[in-house]
Structures are given as structure tokens and as C-alpha cells.
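The values are calculated or read from the model by the stated rules, or taken from the named source; none is laboratory data. All figures in this text were calculated on a predicted structure; none of them were measured in a lab. Here Cβ is always computed from backbone atoms with ideal geometry, including for glycine, and neighbour counts include all displayed protein chains. Just the protein is used for accessible areas: all its heavy atoms, side chains included, with ligands, DNA and RNA removed. Shrake-Rupley method; radii C 1.70, N 1.55, O 1.52, S 1.80 Å.
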Amino acid sequence: MNLVLLMACLANFNIVFAFAHIHGFGEQPLSEIAIHKAVVSLHTRASITVTPSLLGIKGEDTQWVTVDIDFPDPSADDWVGVFSPAKFNSSTCPPVNDPKEVVPYICSAPIKFKFMNYSNSHYTNTGKASLKFQLINQRADFSFALFSGGLLNPKLVAVSNFISFANPKVPLYPRLAQGKSWDEMTVTWTSGYDINEATPFIEWGLKGKTQVQSPAGTLTFGRNSMCGSPARTVGWRDPGFIHTSFLKNLWPNSVYTYRLGHLLSNGSYIWSKKYSFKSSPYPGQDSLQRVIIFGDMGKAERDGSNEYNAYQPGSLNTTDQLIKDLENIDIVFHIGDITYANGYLSQWDQFTSQVEPIASTVPYMIASGNHERDWPNTGSFYGTTDSGGECGVLAQNMFFVPAENRANFWYATDYGMFRFCIADTEHDWREGTEQYKFIEHCLATVDRQKQPWLIFAAHRVLGYSSDFYYGLEGSFEEPMGRESLQRLWQKYKVDIAFYGHVHNYERTCPIYQNQCVNDEKSHYSGVVNGTIHVVAGGAGSHLSNFSQAPPKWSLFRDYDFGFVKLTAFNHSSLLFEYKKSSDGKVYDHFTISRDYKDVLACVHDGCEATTLAT
């Protein structure tokens with residue numbers, strides 16, 4: 001890179017950085033509230049009232065409420081925070097060991113917030129406003145608090161009445177995932193019932209047939225399981241109880257119905273609503289199979305709270321497009337940076353509620369990203385604080401993955417004609433490591449006659465990306481990313497490798513060791529000479545800039561929100577589509593047509609050297 005170009009790139013970087021800093025991109029919105037500095041400044045004539053006071057009386061797990069505010073001394077930086085549990089004064093703070101430390105008045109962040117003038121432009125003149133919030137059932141009651149002084153110097157002006165759901169403990173937000181064998185589906189859900197109060201189970205069976213009951217295991221964790229702040233401090237919120245049931249010996253490609261149940265100690269039952277899913281095809285089965293892949297989606301609030309969706313601006317669009325097309329989706333892979341809770345635990349409930357229509361219907365498979373795992377001195381490959389002190393605990397408990405050790409998020413899963421090898425970039429993947437051995441075993445053990453479509457996926461870009469930051473480093477990859485793995489991709493003829501982490505879309509040519517091995521752009525046939533690398537990290541979070549000069553191997557780049565869909569029609573025909581989240585339309589695509597003999601053919605570094613005896 002010449003000096004002029006480098007200076008231009010750096011100038012562009014500074015502009016982007018300044019813009020991002022000004023607008024708070026990349027920061028968890030709740031982290032911008034200095035809640036530990038909050039002081040009590042209750043105003044005798046200020047009032048805040050919430051209606052209705054009892055939610056979910058018809059079994060709803062989501063409901064809108066109206067918040068009416070009257071404050072005779074309004075200002076433009078007044079805001080309302082939603083707290084759950086409703087009692088949030090210092091009596092709820094953990095004990096302080098150091099006598100020199102002062103216990104703050106408020107020691108838990110709100111679960112969401114809104115500025116008063118967001119939807120009430122006359123508030124600063126009248127002191128009166130009415131806000132709408134959407135609440136989900138989160139196992140505890142709620143209160144609303146009015147603050148002046150902005151986010152950095154909050155002064156508590158008024159507290160509302162307490163409101164709650166009719167049954168705050170009810171089982172909610174089922175998440176399906178493939179089990180450790182093709183004929184097993186796991187169902188994970190959240191409730192407020194400890195096993196001492198109620199026995200969790202699933203009632204399930206083939207649609208229209210006799211239903212059976214299967215037991216569920218129960219997990220939870222405490223504040224001390226968190227690795228640091230804010231997860232251990234202002235971001236902590238009781239996660240409730242997380243239950244998982246294993247539905248085994250499923251018939252392939254069959255529709256099953258299920259509902260979540262808890263048997264109370266008095267003999268009565270608590271039920272969820274009914275759901276259904278289609279079981280996995282038999283490995284190698286020749287049927288229509290449709291896969292969605294994306295990374296870095298996060299969550300956003302439909303009520304416009306938490307910075308008006310500026311943190312993950314594409315999240316709801318992606319979610320809604322998937323829900324709209326759910327009849328044409330069989331399995332979803334969300335490859336890291338799941339919620340961007342960053343240590344604010346309430347956001348995991350918000351996320352599981354957001355994706356419930358998807359995750360309750362098709363397997364929702366996740367990978368580990370930096371915002372789930374990374375924390376200094378906890379065994380993660382990177383020493384950043386991106387997880388906000390969660391250090392993987394939330395991800396490995398809230399979602400099931402068929403890994404041998406769920407603390408290590410690498411796993412293999414089969415879906416019909418596909419084999420997926422999911423890596424964990426937050427642990428070392430280089431040659432000689434435990435994960436490297438897993439990756440090779442996953443790639444080597446697939447029968448390509450039965451499962452011709454071999455997919456590798458990971459969060460960080462271990463392959464190729466012309467992201468701006470990677471471009472400055474000159475390697476267009478995560479440092480040390482592909483050096484150990486490209487020999488495996490080539491040897492075992494991986495079709496496509498997917499990544500998130502970089503918040504945009506990019507597709508390479510079939511490539512090996514930085515060189516395109518095929519000149520085609522939209523249709524590939526015959527021998528597998530190299531692997532196509534795809535960045536699909538634009539599902540929701542603020543977008544990432546590309547390098548200004550695209551490398552020769554970069555065939556298609558899009559600075560927008562979107563996701564990828566793979567459709568296997570049979571053993572020799574695969575369709576790849578990139579869709580924008582804004583309209584669900586296809587903006588990039590290619591096809592692969594190939595027979596088993598083409599996979600067997602030797603390519604450069606793709607077959608073992610042999611010696612013929614004489």
C-alpha cells in the first residue's frame with residue numbers, strides 16, 4: 001500500500017471512528033447509563049403511572065403498557081427507565097466487603113429506557129407525556145422510574161406503581177437445536193420454577209398422534225459465575241431456570257407437536273402454548289433442504305427504546321424476514337455475536353423472545369463469538385472485555401449445542417445432505433490444538449457420496465475478508481486465521497466457509513492460498529478446486545467498512561444488512577442466495593452442480609502423496 005493510499009485510509013478510519021463514537025455505535029446502550037451515580041431527588045409534584053397493572057391475563061407473554069408522566073420541572077435530557085425486579089433501591093445490592101466503599105442507591109441497570117422527548121416533542125414545554133413500552137414476561141415484576149440529569153448524572157425524580165404478569169414463572173421462549181445424533185431434537189426453555197417447586201418436562205409426539213412426556217434437566221447460575229463487570233455488578237439479573245429436554249428416536253422429515261410443562265408439587269400443571277417442528281432428514285436423504293446462515297444479529301426493541309435501535313439497526317428486519325419466510329426454512333445457524341448483551345443479562349430474555357417464532361419452529365444453532373466469550377484471563381484466545389464479564393456462561397446455558405464440552409463451542413452436526421463443522425474462534429484453532437483435531441475429524445469423517453455439501457463455519461474470519469481493519473493489517477483475515485486451516489479445507493474439499501464478526505457481506509471466488517482457482521462467478525461445476533469464503537456478518541449490528549481497493553478474489557461485496565440461504569435440491573445441485581434484510585430479495589447468488597466423482601478427483605494439495613510399489 002503506497003503512502004498516499006495509507007493516509008487516505010487512516011483519514012477515513014478517523015472519520016468513521018469519530019462518527020461511531022458520537023453516535024454510540026458499538027456500545028451496549030445500557031452501558032451508557034451511569035446508574036451507580038444515581039442520586040435520589042424525588043419531586044413531590046412529579047408522578048409516573050403505568051397501565052395496565054396486571055399483564056398476561058389471557059396468557060400473553062408480551063404486552064404493551066402506557067406510561068403517563070407529569071413533571072413540573074422538565075428538561076430535554078429527562079428519561080424513563082424500566083426496572084425488573086420492581087424494587088431497585090440499595091436494599092437489593094450485594095454486600096460490600098470493603099468498608100470504604102459506598103453502596104450506590106441503585107445497583108442494577110434498567111432493562112430498557114427512553115428519553116422523554118423521543119415521542120413527546122411538547123414534553124419540555126408542558127412537563128406531561130405519555131410513552132408506550134413493550135414488556136415481555138421476565139419472571140419478576142416491573143416498575144418505571146423518571147430521571148433528570150441525563151444518562152451520566154441521573155437524578156431519580158419519581159417511581160411508578162409496580163406491575164407484573166399474571167404468572168411470571170410460566171415456561172417461555174423454547175429454543176430448538178439438533179441433538180448429538182441426527183434423530184434427536186433438543187428443546188431448551190426458561191422458567192421461574194426451580195426443581196424444588198415443579199418438575200419440568202415436554203409433552204410431544206407426531207402431529208395428530210398420541211403424545212408422550214419426556215423429562216427435562218434444569219440449570220441455573222449465580223452472580224459469582226460471572227467473570228467481571230457489568231455481568232457481576234449493574235448488569236446482573238437472575239436468569240431464572242433453564243430447562244432442556246432431549247426428544248429421541250425421531251422419524252425423519254416428520255412433523256411433531258410439543259408443549260412445555262411443569263408439574264407443581266400440589267399436582268397441578270403449568271403449560272406453555274403448543275408448538276411444532278419438522279424433524280431432521282436422515283443423513284444423506286435426498287430431499288429439499290434449506291439452510292439460513294448469518295452472524296452478528298443482536299436484538300432491538302420494537303418500542304423504540306434503548307437508543308431507538310441504533311445499536312443493532314438491522315436486527316428486527318432480519319428477524320422479521322426470517323419469520324415471514326419460515327415455511328421455506330429448515331435450520332438456522334447464527335454464527336456468533338448472538339445478543340450483544342455484553343454483561344447486561346436481561347437482554348438474553350429479550351433476545352430469546354425476539355427469535356421465539358423462529359427458534360421454536362426450526363433448529364436454531366449458534367456459534368461462540370467475542371461478545372459471548374471474551375474476557376481476560378479466563379481461557380479465551382483473545383484477552384478483550386467484549387463479553388462484559390459473561391465469559392461464555394450465558395451462551396452455553398441459554399442455548400444447546402451438540403458439543404462434547406459446551407464450554408468449548410466447536411461441534412459437528414448433520415442435516416440431510418449437509419455436514420456442518422462449526423468452529424469456536426474464541427479458543428485456539430491452530431495446528432496441534434484440541435480444536436484443530438476436532439476440525440480435521442469433522443471434515444474427514446463425512447461420506448461425500450451421501451453428504452456432498454461440506455460446510456465450515458466460525459465467528460471470526462479465519463478465511464478471507466476485505467474488511468477495512470483487516471486491509472490495514474495487509475492479510476485480509478483474522479491474524480493467524482487460515483494458516484493452519486487452509487490445508488484442511490483443501491484436503492477435504494470444503495465447499496463453502498462462512499464467517500461473521502465483520503458486519504457486511506462478501507463472497508470470494510473458489511480460492512486456495514490467496515489464488516482464485518476458478519474464473520466462474522455464478523455457476524460452478526465439476527472438480528472442487530478450492531473453497532468459497534463468505535462473510536455473512538451483516539444480520540443486525542452496525543455495518544463495517546470495506547477496504548477501498550477490493551482484492552482480486554473478492555467477487556461480491558455489500559455494505560448492508562442481510563443473510564445467506566443455501567438450498568440443496570439433491571446430491572448434485574446447490575443454490576446459494578444472499579438476501580437483504582430490508583426486503584428479503586436476492587442480491588447475489590450462485591449455483592454448484594457436481595457429481596460424486598468430481599469430489600473424488602485429486603486437486604493440488606487435495607490428495608495424499610502415493611508411492612507405487614515396483
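Of ILE439, ALA300, GLY537, whose Cα points farthest to the positive end of the dipole of the chain (charges on the beta-carbon: +1 Lys, Arg; -1 Asp, Glu; origin at the Cα centre)?
Selected residue: ALA300.
Apply the Karplus curve 6.51 cos²θ - 1.76 cosθ + 1.60, θ = phi - 60°, to the phi angles in region 54-65 and return the couplings in whole Hz, x for Gly and Pro.
Using θ = phi - 60°, the values come out as 10, 10, x, 6, 9, x, 5, 9, 9, 8, 8, 10 Hz.
Given C-alpha coordinates of the chain, what is the ratio Rg to Rh with the Kirkwood estimate of Rh? If you can, show how the numbers build up before the last one.
On the way: Rg = 25.4 Å, Rh = 25.6 Å.
Result: Rg/Rh = 0.99.
List, in order, the whole-Hz ³J(HN,Hα) value for each residue of region 580-585 obtained from phi through the Karplus relation with A = 6.51, B = -1.76, C = 1.60 and θ = phi - 60°; use x for Gly and Pro.
7, 6, 5, 9, x, 8
When averaged across all projection directions, what area in nm² does the alpha-carbon convex hull of region 461-560 cover? Walk me through the numbers before you get to the answer.
Working: hull surface 24.3 nm².
Average of the hull's projected areas for region 461-560 equals 6.1 nm².
Run the 1.4 Å probe and let me know the accessible area of MET297, rounded to the nearest 10 Å².
Here the accessible area works out near 0 Å².
Report the FRET efficiency, 1/(1 + (r/R0)^6), for ASN224 and ASN167, where r is their Cβ-Cβ distance and R0 is 30 Å, rounded to 0.05. Mind dumping the intermediate values first?
On the way: r = 29 Å, r/R0 = 0.97.
Efficiency for this residue pair is about 0.55.
Charges at C-beta only: +1 for Lys and Arg, -1 for Asp and Glu. How large is the resulting dipole of region 179-279 about its Cα centre, in Debye rounded to 20? If you can, show how the numbers build up before the last one.
Numbers: 11 positive and 6 negative charges, 64 e Å.
Charge dipole of region 179-279: 300 debye, to the nearest 20.
Dipole of region 39-164, Cα-centred, from +1 at each Lys and Arg C-beta and -1 at each Asp and Glu C-beta, to the nearest 20 debye?
Numbers: 10 positive and 10 negative charges, 22 e Å.
Dipole about the Cα centre, nearest 20: 100 debye.
Once fully extended, how much extra length lies between ILE323 and ASP194, figured as 0.36 nm per residue of separation less the alpha-carbon to alpha-carbon distance? Intermediate values should be presented prior to the final figure.
On the way: separation 129, 0.36 × 129 = 46.44 nm, distance 3.18 nm.
Gain on stretching ILE323 to ASP194: 43.3 nm.
If you roll a 1.4 Å probe over the heavy atoms of the protein chains, what accessible area per residue do you get for region 48-167, in Å²? Display every interim value, and only then the final one.
Values: 5270 Å² over 120 residues.
Using a 1.4 Å probe on heavy atoms only, each residue of region 48-167 averages 44 Å².
So what's region 247-344 giving for Rg/Rh, alpha carbon basis, Kirkwood Rh from the mean inverse pair distance? Don't skip to the end; give the middle numbers.
On the way: Rg = 18.0 Å, Rh = 16.9 Å.
Rg/Rh for region 247-344 comes to 1.07.
Per residue, how much accessible area does region 214-253 have with a 1.4 Å probe, in Å²? The partial results should precede the final answer.
Values: 1850 Å² over 40 residues.
Result: 46 Å² of accessible area for each residue.
Mind checking the angle between helix 3-23 and the chain's longest principal axis? C-alpha axes, 0 to 90 degrees, to the nearest 10.
30
Report, largest value first, the span of the C-alpha coordinates of region 337-380 along each principal axis, in whole Å.
38, 21, 11
Would you mind getting the accessible area per residue of region 281-600, heavy atoms of the protein chains only, 1.4 Å probe, in Å²?
On the way: 9660 Å² over 320 residues.
Solvent-accessible surface per residue comes out at 30 Å².
Taking the Cα centre of the chain as the origin, how large is its charge dipole in debye, to the nearest 20, when only Lys and Arg (+1) and Asp and Glu (-1) carry charge on their Cβ atoms? It would help to have the intermediate numbers written out before the result.
Working: 50 positive and 61 negative charges, 231 e Å.
Charge dipole, the chain, about its Cα centre: 1100 debye, nearest 20.
Over region 489-614, what portion of Cα pair distances is larger than 18 Å, expressed as a whole percent? All intermediate terms of the calculation are to be shown ahead of the outcome.
Details: 4457 of 7875 pairs.
Roughly 57 percent, once rounded to a whole number.
Multiply the residue separation of SER525 and ASP286 by 0.36 nm, subtract the distance between their alpha-carbon atoms, and state the gained length in nm to one decimal. Please report the intermediate quantities before stating the final value.
On the way: separation 239, 0.36 × 239 = 86.04 nm, distance 1.94 nm.
Extending this stretch completely gives an extra 84.1 nm.
Only bridges with both residues in the chain count here: give the DSSP antiparallel percent, nearest 5.
Values: 101 of 129 bridges.
Counting only bridges with both partners in the chain, antiparallel ones make up about 80 percent.
Any chance you could get the radius of gyration and Dmax over the Cα atoms of region 39-164, in Å?
In Å, with Rg to one decimal and Dmax whole: 15.2, 50.
Put +1 on the Cβ of each Lys and Arg and -1 on the Cβ of each Asp and Glu in the chain; which of PRO85, ILE592, PRO74 then has its Cα farthest toward the positive end of the dipole?
After comparing all options, I get PRO85.
Positive end of the dipole of region 183-257, charges at C-beta (+1 Lys, Arg; -1 Asp, Glu), about the Cα centre: which of GLY228, TYR256, GLY217 has its Cα farthest in that direction?
Of the listed residues, the answer is GLY228.
Accessible area of LYS521, 1.4 Å probe, to the nearest 10 Å²?
LYS521 exposes around 120 Å² with every protein chain in place.
How much solvent-accessible surface does VAL586 expose, in Å² to the nearest 10, with a 1.4 Å probe and all protein chains in place?
In the full protein context, VAL586 sits at about 60 Å².
Return the long-range amide H neighbours of ILE366 (sequence gap of 5 or more, or a different chain), with a cut-off of under 5 Å between placed amide H atoms.
It is HIS334, by chain and number.
In the chain, what percent of the accessible surface is made up of carbon and sulfur (1.4 Å probe, ligands and nucleic acids excluded)? Before the final figure, lay out the partial values.
Numbers: 12920 of 24340 Å².
That share works out to 53 percent.
Taking only the Cα atoms of region 180-234, how large is their convex hull per residue, in Å³?
Values: hull volume 8.4 nm³, N = 55.
Looking at region 180-234, the number lands at 152 Å³ per residue.
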